[in-house]
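Student: Provided herewith is a single structure, encoded as structure tokens, for subsequent inquiry.
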Amino acid sequence: MINEWFANPLYLIGAAGVLLPVLIHLLTRERVRRVDFPTLRFFVRTARATLARKRLWEALLIALRMLACLLLVLTFANPLFARRAAPGTGDTARVVVVVVSGSMSRPAMEKPLREALDELARQAAKGGTRTAVLAFDDAPRVEADFEAGPAEVRGALDDLRPGHGASNLDAALRKANEMLATEKTAHKEIVLVSDLQKTGWARYRGDWRLHRDVKLIVIPVAADADDVAI
């Protein structure tokens, strides 16, 4: 559960450091020996009032230091409240990632690919979802950004044609992940339309991963189930 609210929950261990200002105060406070002088009995009331004010200011200072320590810990823990702060809007930011490499140019792939893209275009036209289109072979390229309307999204999907390049699935998903990073919506999705060939994932080195609030939806498009390697 805690992983859903913090990007780096291990840093919360440092929350114990909030008690550090209290510990420092206890170790460094002045040790005064009380000695009663009869000639100073008229100043007792004033001295007590001064001491009370001093203790109040010390408590306030300690509280501020504890708050500063807590904010520092939360900064490193990277809370995700801001990214989850729009549950009432129903908005979804979606990046449709489509492979257009040479492996998709086979005649048997044309129909399942077109059916998948037509369905995604219909979903984009329903509203409530801001859709971007990202095509990729050797490198990803944005065909429509989040400012595009349903007609532009439909046009971008209709214009996609397989080429002759290789497939770089690693770069495409990384780019889609970056596009969603700055979106302030309740839901974030990457919809991957691909034949899922193993060579497309060969360049992944494990040096990044999808953000915690991004959902990956895979639509496998293959002429035969045996063609799917991932």
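Student: I need the shape label for segment 94-228. Rule: rounded when a/c is under 1.5, else prolate if a/b > b/c, else oblate, with a, b, c from the alpha carbon gyration tensor. Intermediate values should be presented prior to the final figure.
Tutor: Details: a/c = 1.78, a/b = 1.16, b/c = 1.53.
Cα axes put segment 94-228 in the oblate bin.
Student: Ignoring ligands, DNA and RNA, please state the percent of accessible area on segment 88-160 from carbon and sulfur, probe 1.4 Å. Intermediate results must be reported in sequence, preceding the final value.
Tutor: Details: 1620 of 3320 Å².
That fraction is 49 percent.
Student: Using 7 Å Cα-to-Cβ label points, what is the Arg209/Leu72 separation (nm, one decimal)?
Tutor: For Arg209 paired with Leu72, the spin-label model returns 2.8 nm.
Student: Let me cross-check His187: its accessible surface, 1.4 Å probe, with only protein heavy atoms counted, in Å² to the nearest 10?
Tutor: Looks like 100 Å² after rounding.
Student: Moving on to the next point. What residue among Ala171, Leu157, Ala139 has its Cα farthest toward the positive end of the dipole of segment 133-186, where the charges are +1 on Lys, Arg and -1 on Asp, Glu, each on the Cβ?
Tutor: Going by the Cα projections, it comes out as Ala171.
Student: Which GluC sites (Glu not before Pro) in segment 133-200 sit in a loop by DSSP (not H, G, I, E or B) and have at most 14 other Cβ atoms within 10 Å of their own Cβ?
Tutor: Glu147
Student: Over segment 171-212, what percent of the accessible surface lies on carbon and sulfur atoms, probe 1.4 Å? Please list the in-between numbers first.
Tutor: Numbers: 1100 of 2300 Å².
Carbon and sulfur atoms account for 48 percent of the accessible area of segment 171-212.
Student: Ranked from the most accessible area to the least, with a 1.4 Å probe and all protein chains present, what is the order of Arg114, Arg94, Arg161, Arg203? Please list the in-between numbers first.
Tutor: Details: Arg114 65, Arg94 30, Arg161 150, Arg203 110 Å².
Of Arg114, Arg94, Arg161, Arg203, the descending order of accessible area is Arg161, Arg203, Arg114, Arg94.
Student: Now, a different point. Taking a probe of 1.4 Å, how large is the accessible area per residue of segment 84-230, in Å²? Walk me through the numbers before you get to the answer.
Tutor: On the way: 7570 Å² over 147 residues.
Counting only protein heavy atoms, the per-residue value for segment 84-230 is 52 Å².
Student: So what's the net charge close to Glu189: Lys and Arg +1, Asp and Glu -1, counting the other residues with Cβ under 11 Å from its Cβ?
Tutor: Working: positive: Arg94, Arg130, Lys188, Lys215; negative: Glu183, Asp213.
Every neighbour counted, the sum reads +2.
Student: Which of the chymotrypsin sites (Phe, Trp or Tyr not before Pro) found in segment 157-230 are in a DSSP loop and have at most 16 neighbouring Cβ atoms, other than their own, within 10 Å?
Tutor: Working: sites: Trp201, Tyr204, Trp208; in loops: Tyr204, Trp208.
Sites meeting the loop and neighbour criteria: Tyr204, Trp208.
Student: Something else now. What distance in nm separates the two pseudo spin-label positions at Ala15 and Leu51, each 7 Å out from Cα along the beta-carbon direction?
Tutor: Roughly 3.7 nm, to one decimal.
The values are calculated or read from the model by the stated rules, or taken from the named source; none is laboratory data. Keep in mind that this is a model prediction, so the values were computed, not measured. With ideal geometry, Cβ positions are generated from the backbone for all residues, glycine too; neighbour counts draw on all protein chains shown. Please note that ligands, DNA and RNA were not included when accessible areas were found on the heavy atoms of the full protein model with its side chains. Shrake-Rupley method; radii C 1.70, N 1.55, O 1.52, S 1.80 Å.
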